[in-house]
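Enquirer: Can you keep this structure in mind? I'll have questions shortly.
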Amino acid sequence: MTGPPPREEPDRPPFLPPEPDPTGPWDSGPWDPGPDHGRVAPREPRRPDPLAVAVGNASLLGAGYLILGRRWLFWAAAVVTVSLLWLTYATAETWCELLVVLWWATAVGHGWWLAQRHPAAGPRRGQRLLALALTVPVLAAAGWVRFDAHGLEDDVAGARADGDCGAAVAAQDGVAFRHRLVAAPLAARGDAVVEACERLDTAGGYLAGGLTGDLDSLETGFRRLGAVLGEAGNERTVRAALDRFLGRLPTDDGCLTVTVADWLRERAPGPGDLTGPASAAAARVAPQALMDCADDFMFTEDWPGARERYQRLLDEYPDDIRADAARKGVGKAGLAIELDRITELVAAADSMGSGYCRKPAKYSRAPAYRKGRTSAVFVGDTEYTDKLPEEWRTDTAHASLVVCTGEAKAGDVVETCQYEDHNGNIGSVRFNKLAVRVKGYALRTGKLVVDRTVQLGGESCPGVLRYFDALPSRMAVTPSNGDVRAAFGPVVGR
């Protein structure tokens, strides 16, 4: 038996919460959820911690304003901070750093003030930790950079105090962008030292040019040294640059050293801190330089130049150990000058009225003149003296006598001979000796020691008389070499 088919349940609606009874005791009318039904509840107002805000702003990053929720102040603070840091970097002035400090204090105070005004202000541990996490690294980094910058500045200042520009430049090379951003004035002071060293290096180049004899370059170098010396703190580095230059004296050229030393002593411009050491260095090198220069002139046979340098050494440094050598040099140069003058006068004496014969001079080193066998130089009209033996004559440097001879004239009559002329007429011709005026000067003193006329004999009345036009009435004898020697022998003691 089957039971009745199961009854199908009608579809039921999903469960719905019971609607409130509109007639319930809490409401006399239909339920109204209100205008804010379904909206997200607003965030609870921010509660700032004044200390956290102040500490956050102490980082100069504007973190305190973010804690306050003042984003526009955060961006404004960032702009001011960046601008002040860039101004400090660009100008490297202390007043810019003071502006940064003032801005730092202002940001800290302003953040504290704003937080204190907030009605919900109060201690917040999380905010304080966040502010410290931002500010401490920033301040620590800034402090370390400034400490490092002070160390570099001390290194530069120490090197400058020691006069070591190379060490100062090397120390300043350690300055980086961070130092110029956080400690710009300190970095700038190091830059000033490096710039002064570069100027000294340039001045040193000019001074080196002066060692080649360019006195204009030398003057430029000293003026540049003086300009750097006029700036406080550069005394040691300037003195070091000056000492490097003076240490290169003397040069290999004695005469060049004399020129530089004279300039240093008489014309070097600048304050006493420059001219004093320069004069002292000139006095130190000048005696030897004068001696070397004089010796160089002696080697090149510039006798006046040599004597002038030797004499300067004696006049300016009479007690110098080189004084005796200088006196000998003066004597040697003086003798050489005398000899040069005598040589020129002898070479110019082609008659009794020229050269040495007109203006005799002495040669102090010539052998003494003594009557007898003397060595002589023959000048003037040398038509007959050229026939004298070589052993009778010598060069000017070794002669004791200078013999001046004039033109030959008619002397005593030797004999008269008859000759037929071209027309067949007979005429008489007188033959005369040759009369030659002779003057002899002792070369050591330049004084006249011989003054006579010698007569040269010779062949007369030749078998064939050669003549032009009319038969002459007088003719000279024809002297042989023996006749010439016989005539001039008494003059030179032969």
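The values are calculated or read from the model by the stated rules, or taken from the named source; none is laboratory data. Nothing here was measured: the structure is a model prediction, and the numbers come from that model. Cβ atoms come from the backbone with ideal geometry, glycine included; neighbour counts cover every protein chain shown. Accessible surface is based on the protein model in full, side chains and every heavy atom, while ligands, DNA and RNA are left aside. Shrake-Rupley method; radii C 1.70, N 1.55, O 1.52, S 1.80 Å.
Enquirer: Would you mind getting the accessible area per residue of the stretch 126-256, heavy atoms of the protein chains only, 1.4 Å probe, in Å²? If you can, show how the numbers build up before the last one.
Expert: Details: 6470 Å² over 131 residues.
Result: 49 Å² of accessible area for each residue.
Enquirer: Using Cα pairs closer than 8 Å and at least 6 residues apart in sequence, work out the relative contact order for the stretch 259-336, in percent. Spell out each step's value before the answer.
Expert: Details: 75 pairs, mean separation 18.9, N = 78.
Once normalised by length, the contact order is 24 percent.
Enquirer: I would also like to ask the following. Quick check on the stretch 426-491: take the gyration tensor over C-alpha atoms, sort the square-rooted eigenvalues as a ≥ b ≥ c, and tell me if it's rounded (a/c under 1.5), prolate or oblate.
Expert: On the way: a/c = 4.19, a/b = 2.72, b/c = 1.54.
Taking the square roots of the gyration eigenvalues as a ≥ b ≥ c, the stretch 426-491 is prolate.
Enquirer: I would also like to ask the following. Calculate, for the stretch 384-494, the solvent-accessible area per residue in square angstrom, rolling a 1.4 angstrom probe over the heavy atoms of the protein chains.
Expert: Result: 54 Å² of accessible area for each residue.
Enquirer: Using just the Cα positions, wrap the chain in a convex hull and report its mean projected area in square nanometres, one decimal place.
Expert: Across all orientations, the chain yields a mean hull projection of 71.3 nm².
Enquirer: Moving on to the next point. List every DSSP H helix in the chain whose Cα atoms extend 27 Å or more along the helix's own long axis and whose mean Kyte-Doolittle hydropathy is at least -1.0.
Expert: 71-91, 94-117, 125-161, 184-210, 272-299, 323-348
Enquirer: With just the Cα atoms defining each centre, how far is the stretch 75-116 from the stretch 400-428? Give it in Å.
Expert: Cα centroid of the stretch 75-116 versus Cα centroid of the stretch 400-428: 126 Å apart.
Enquirer: PRE reach from Val413 (point 7 Å along Cα→Cβ): which of the stretch 427-468 fall under 20 Å by backbone N?
Expert: The answer is 427-436, 455-463, 465.
Enquirer: Here's something else I'd like to know. Could you sort the peptides 288-295, 316-323, 78-85, 179-186 by per-residue average Cβ neighbour count (10 Å cutoff), highest mean leading?
Expert: So the order, starting with the most tightly packed, is 288-295, 179-186, 78-85, 316-323.
Enquirer: Rounded, prolate or oblate for the stretch 205-360? Axes are the square roots of the Cα gyration tensor eigenvalues, ordered a ≥ b ≥ c, and the cut-off for rounded is a/c under 1.5.
Expert: In terms of gyration-tensor shape, prolate.
Enquirer: Next up: Quantify, in whole percent, the carbon and sulfur part of the accessible surface of the chain (1.4 Å probe; protein heavy atoms only). Mind dumping the intermediate values first?
Expert: Working: 15760 of 28840 Å².
For the chain, the apolar C and S fraction of the accessible surface comes to 55 percent.
Enquirer: Still on this structure, please answer the following. Would you mind telling me the antiparallel percentage of the DSSP bridges in the chain, rounded to 5?
Expert: 75
Enquirer: Cross-link candidates for Lys359: which aspartates and glutamates have Cα within less than 18 Å, leaving aside residues fewer than 8 places away along the same chain?
Expert: Correct list for Lys359: Glu338, Asp340, Glu344, Asp350, Asp381, Asp451.
Enquirer: Okay, moving on. Do you know the relative contact order of the chain, to the nearest whole percent, from alpha carbon pairs under 8 angstrom that are 6+ apart?
Expert: 7
Enquirer: Additional query: Peptides 103-110, 365-372: what's the order by average Cβ count within 10 Å, highest mean first?
Expert: Working: 103-110: 16.5, 365-372: 14.8.
Going by the mean number of other Cβ atoms within 10 Å, highest first, we get 103-110, 365-372.
Enquirer: Would you mind getting me the FRET efficiency between Trp72 and Ala141? Use the beta-carbon distance for r and R0 = 25 Å, nearest 0.05.
Expert: Efficiency, rounded to the nearest 0.05: 0.40.
Enquirer: How high is the relative contact order of the stretch 417-494? Use alpha-carbon pairs under 8 Å, at least six apart in sequence, and give a whole percent. The partial results should precede the final answer.
Expert: Values: 112 pairs, mean separation 24.5, N = 78.
Across the stretch 417-494, relative contact order equals 31 percent.
Enquirer: With each label point set 7 Å from Cα along the Cα-Cβ vector, what nm distance links Asp262 and Arg430?
Expert: If labels sit at Asp262 and Arg430, their model points lie 6.8 nm apart.
Enquirer: Nothing charged except the Cβ atoms of Lys and Arg (+1) and of Asp and Glu (-1): what's the magnitude of the dipole of the chain about its Cα centre? Round to the nearest 20 debye.
Expert: Values: 56 positive and 64 negative charges, 337 e Å.
Magnitude of the dipole: close to 1620 debye.
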